[in-house]
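I have placed the structure first, in the form of structure tokens, so that the comments after it can refer back to it.
The values are calculated or read from the model by the stated rules, or taken from the named source; none is laboratory data. Note that the coordinates shown come from a computational prediction; the quantities given were computed from them, not determined experimentally. Quick reminder, even Gly has a Cβ in these numbers, built from the backbone with ideal geometry, and neighbours come from all protein chains shown. Heavy atoms of the whole protein, side chains included, go into the accessibility calculation; ligands, DNA and RNA do not. Shrake-Rupley method; radii C 1.70, N 1.55, O 1.52, S 1.80 Å.
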Amino acid sequence: MGDQKTVTVARELRPLRLSFLIRPGDKAAFRRALQINTILWAGHHNSIIPVYKKKPVQWKEKFFSGPKAQQIIAGYLDAFEPDFIVAMNKGLTDKLQFPERRVLSPIDVLNGSDQRHIGYGIGLFEVLKDLYKREFQFHRRHPVKAYLPIAADKNFAALVATCFGEFPHEASLRYFRKAYEDVFEAEEVKVDSSNILKLLAPDKLNPLRVGMRNIDIRQRGYTDPAIFYMDAFSTLDLLDFWNLRAIGWRVLPLPRQWEADLIEDCSKFIKQNYRSNPYNKNIKYGTTLLCSRSSSFELMQKFGKLLQTPGSHSLSFQHWYPRIWDEWARDKDHVGRCDLIAKEDQVEVGVTDERIRFSGLDPEFIERFGGREARWANVVQIRDHSHAGDTASVIPPGLPELRRALGAFSDHVWGTREGIVIACEHTGWTYSFRLPNATEIFRNWMKAMGFELNISGAGNIAAQVIRKLGGQFGIGILRNEETLHLLNKMAHGTVEEEVKDEEGSSKTIRVQTIHKDRWIAHLTKINHNDREVAARQLSAMLSREMLKIGLRLQCPKCRQHTWFDLNSLADTVSCERCLQEFSFPAASPPTDWRYRAIGPFSVENYAAGSYCVALVLGSLGHNIHSEITWVPSFDLKGKDGKKLEADFGLFWQRSTFEKSDPVLILGECKSYNKFELKDIRRMEALGKAFPGAVLAFCSLRKHLSATEKKLIARVVRKGRGYLKAGRLHNPVLVLTGVELFSEIGPPHCWKAAGEPFSKFENVYIDDVQTLCDATQQMHLNIESYWTWREGRQRRRERLRAMRQRKPPQLAPDSV
């Protein structure tokens, strides 16, 4: 019995994430949302989303073709990925595609089991209780100064509440304020233009800031600190300021009503932020002066000229509000939601009957049984590095039926860009999951898209090949073109060798086996004459059941040679040609030991195209340092009866500090055949059915023919149309033997391949569209995306000029 299989479970503990929906202009609902977030652990980073019936005027002025009202709401929810939605008014979620069981009311959040606990999330009372127990019941050498800010002028009460938080006023919830005052001996301070920015300094405690205890804030990318030029009386501006801070920006409010009094404080903030890059002194970091949607950019510029700046590039002006709601623009505007991590680790977990059991991570400061509903969240990622790739490493966000796919016993399980989210209720809990099967995950996702997925016969062979190899980390054994040719010849029975007949004449025959010495010589040659490495590689091929050793014997009856594996060797053996038995020649034992391809490696035509599929998965998953969930060759049947097919499909996600959206890649693979028009049409149909998906053309050949380049270029240019702002309808990826046979991924493999590929060795691949663009130029000899876009823009401008050009006026005849 072998060792028990194990997988790695990466666990993260974070606060529950809520999104509050309000009607635009509903000041009472906005203030109530602020009060609820003030008494929640990490309420500081919960979002407040306006639910528009029609796009407001301010939005129309800023965008040439802006989003629709429903797209704005859906985009905000996609950006913040809330665990639960809190609808501050009835009817706000009627048109949203969000699970109804995860929609709450304010009463649901606040209505806890007793005075110490609230309904959903962790209340500030538990945070304060732990703070007092651990730190503040003792006399401190350096006392912490905490404030209870209130507005000096009631007209600015909403602004002050947005900046510092506001405790609920009803008698049943006053204990939150009392606990805050008791723990910190907080000083009530009236806020006005003279002290608002000073009180927001990092060393000043306020109710919102206390709620961030024990949390590590990890921003996605870097953005300059900002000053938000805003209208203190505009609910829209207050909401926008709140959400900028919720995503993790360091941003200060600049109410234009107080701008004259804040010149000095803003100048100090700009001076504090001005610095040089430690590795490149020519790169400067400064502050952004950001204009709200209720303010005038001209007035903001006028104010900016009054500020004292320490040097060039210390202050920049931005006239648009960052597009949090736009999937593509979030990256360009640096408004990806930050991650809140309270605790994290990795554990090795044993697999029993394809199920795993692991304990959750719990906040240290809470009581074991303190709530009736979800209180915090665990984010889980399951990595199966030892298996054959059946385990889904990437879970597409919002996947329906994820709980069933995992065999989870709790309803509070769903998928986000972070991974698998578990909304937790009690400490000390153990969770039991079925390993997420990649094919089942794909099948469920396709079902939600309106398609029925079935693995094809070639797909089953590819799955067996990859399973035998040990997944994407064992695919490297195929990264030699000559090895693939030998395996394919063995499968076809076309391995040529010279033999002598009974008369002593030499002749060439074709067989399915290769003599052990010839195979060892081949492995030694491709491993730079290192016999030890060759021996280890041969051992790996035998252990993975790619090859099998056997003895070739000549039948004394029919005089034919037959290969016998070890299990069939005995005192008496049976000839498979004449079906007669003969005695094993023990007196003069033969030494013609040979290897033969077995299992899926004995299938003709490069294992029915499986070798190319396997090398693509190894390149996209292992060589480019990404996580993938893949499915081999499959057929799709739509609700309208239309059929589609692909040689592989995968969800691809870069293994970086920032958690990016999974990308769907659908591929067409060729071993050594050429791409034909039928293949192009098949891929175009897939692109039409799955807008935004990457279409991959993959070949083991290192160069494509002129006809192939022309056909694929047609798909490239068609896919370059916009699906969303900056996101292409169907990016096209081209992979050849240059990438697939390399041990290193792009762009390093291009340098090693020499001209013309080495021209792209300095390409920085930060996303899949960059990779696609580089491979298109390299393998198809077509223009880059940006060159194509500029050319199209110039053509449009010429056509526009021609339409606007007036016909020449003829001068009157002279008399």
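Structure above, values below:
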| item | result |
| --- | --- |
| Number of positions in the stretch 6-39 that are in a strand (DSSP E or B), crowded, with 19+ Cβ neighbours inside 10 Å and under 29 Å from the mean Cα position of the chain (by Cα) | 11 |
| Any chance residue 444 is within 23 Å of the chain's Cα centre (by Cα), assigned to a helix (DSSP H, G or I) and touching a residue at least 24 places away in the same chain (Cβ under 8 Å) | yes |
| Within the stretch 509-530, considering residues that are over 17 Å from residue 477 (Cβ atoms) and of a type in the set (A, V, I, L, M, F, W, C), the one least open to solvent (accessible area, probe 1.4 Å) | 511 |
| Conditions (1) in contact (Cβ under 8 Å) with a residue 12 or more places away in the chain; (2) over 36 Å from the mean Cα position of the chain (by Cα); number of the one not met by residue 525 | (1) |
| Residue that is in contact with a Gly (Cβ under 7 Å, 6 or more places away or on another chain) and modelled with pLDDT of 90 or more, where the choices are 208, 159 | 208 |
| Filtered residues of the stretch 750-773 (kept if part of a helix (DSSP H, G or I), without any contact (Cβ under 8 Å) to a residue 60 or more places away in the chain and within 21 Å of the chain's Cα centre (by Cα)) | 769, 770, 773 |
| Lone qualifier among 423, 374 - being among the small types (Gly, Ala, Ser), in a strand (DSSP E or B) and open to solvent by less than 10 Å² (accessible area, probe 1.4 Å) | 423 |
| Single unsatisfied condition, residue 812 versus (1) at pLDDT 80 or above; (2) open to solvent by 60 Å² or more (accessible area, probe 1.4 Å) | (1) |
| Enumeration of residues in the stretch 289-303 that are closer than 19 Å to residue 238 by Cβ and either in a strand (DSSP E or B) or open to solvent by 50 Å² or more (accessible area, probe 1.4 Å) (or both) | 289, 290, 291, 299 |
| Residues located in the stretch 447-464, provided they are within 27 Å of the chain's Cα centre (by Cα) and either among the β-branched types (Val, Ile, Thr) or within 22 Å of residue 701 (Cβ to Cβ) (or both) | 455, 462 |
| Those residues of the stretch 722-781 which are touching a strand residue (DSSP E or B) at 6+ places or on another chain (Cβ under 8 Å), closer than 18 Å to residue 701 by Cα and polar (S, T, N, Q), in sequence order | 736, 775, 776 |
| Residue selected from the stretch 337-366 under the condition of a type in the set (Asp, Glu) and modelled with pLDDT under 90, by the criterion least open to solvent (accessible area, probe 1.4 Å) | 354 |
| Residues located in the stretch 609-644, provided they are in a strand (DSSP E or B), of a type outside the set (Lys, Arg) and touching a residue at least 60 places away in the same chain (Cβ under 8 Å) | 627, 628, 629, 630, 631, 632, 633, 634, 635, 636, 638, 644 |
| Qualifying strands (runs of 3 or more DSSP E) (wholly inside the stretch 201-281; at least 2 residues being in contact with a helix residue (DSSP H, G or I) (Cβ under 9 Å, 6 or more places away or on another chain) and crowded, with 21+ Cβ neighbours inside 10 Å) | 226-230, 251-255 |
| Search result, residues across the stretch 176-199 that are in contact (Cβ under 8 Å) with a residue 60 or more places away in the chain and under 42 Å from the mean Cα position of the chain (by Cα) | 176, 196, 197, 198 |
| In the stretch 66-107, the residues that are modelled with pLDDT of 90 or more, among the hydroxyl-bearing types (Ser, Thr, Tyr) and part of a loop (DSSP other than H, G, I, E, B) | 105 |
| Qualifying residue in the stretch 165-175 (condition: hydroxyl-bearing (Ser, Thr, Tyr), surrounded by fewer than 19 Cβ atoms within 10 Å (Cβ to Cβ) and free of Cβ contacts under 8 Å to residues at least 60 places away in the same chain) | yes |
| Subset of the stretch 575-598 that is out of contact with any Gly (no Cβ under 8 Å at 6 or more places or on another chain) and surrounded by 15 or more Cβ atoms within 10 Å (Cβ to Cβ) - its residue that is farthest from residue 516 (Cα to Cα) | 582 |
| Considering residues of the stretch 784-795 that are open to solvent by less than 50 Å² (accessible area, probe 1.4 Å) and free of Cβ contacts under 8 Å to residues at least 12 places away in the same chain only, the residue nearest to the chain's Cα centre (by Cα) | 784 |
| Residues of the stretch 386-420 classified as out of contact with any helix residue (DSSP H, G or I) (no Cβ under 7 Å at 6 or more places or on another chain) and part of a helix (DSSP H, G or I), total | 4 |
| From 725, 696, residue being closer than 30 Å to residue 329 by Cβ and at pLDDT 95 or above | 696 |
| Considering residues of the stretch 536-551 that are among the hydrophobic types (A, V, I, L, M, F, W, C) and in contact (Cβ under 8 Å) with a residue 24 or more places away in the chain only, the residue nearest to residue 467 (Cα to Cα) | 546 |
| Filter result (of a type in the set (Gly, Ala, Ser), part of a loop (DSSP other than H, G, I, E, B) and at pLDDT 85 or above) within the stretch 108-127 | 119, 121 |
| Filtered residues of the stretch 750-779 (kept if in contact with an Asp or Glu (Cβ under 6 Å, 6 or more places away or on another chain) and not aromatic (Phe, Trp, Tyr)) | 751 |
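For every residue, the table says whether it meets (1) in contact with a Lys or Arg (Cβ under 7 Å, 6 or more places away or on another chain); (2) open to solvent by 20 Å² or more (accessible area, probe 1.4 Å); (3) within 24 Å of residue 448 (Cβ to Cβ).
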| site | (1), (2), (3) |
| --- | --- |
| 600 | yes, no, no |
| 622 | no, yes, no |
| 632 | no, no, yes |
| 638 | no, no, yes |
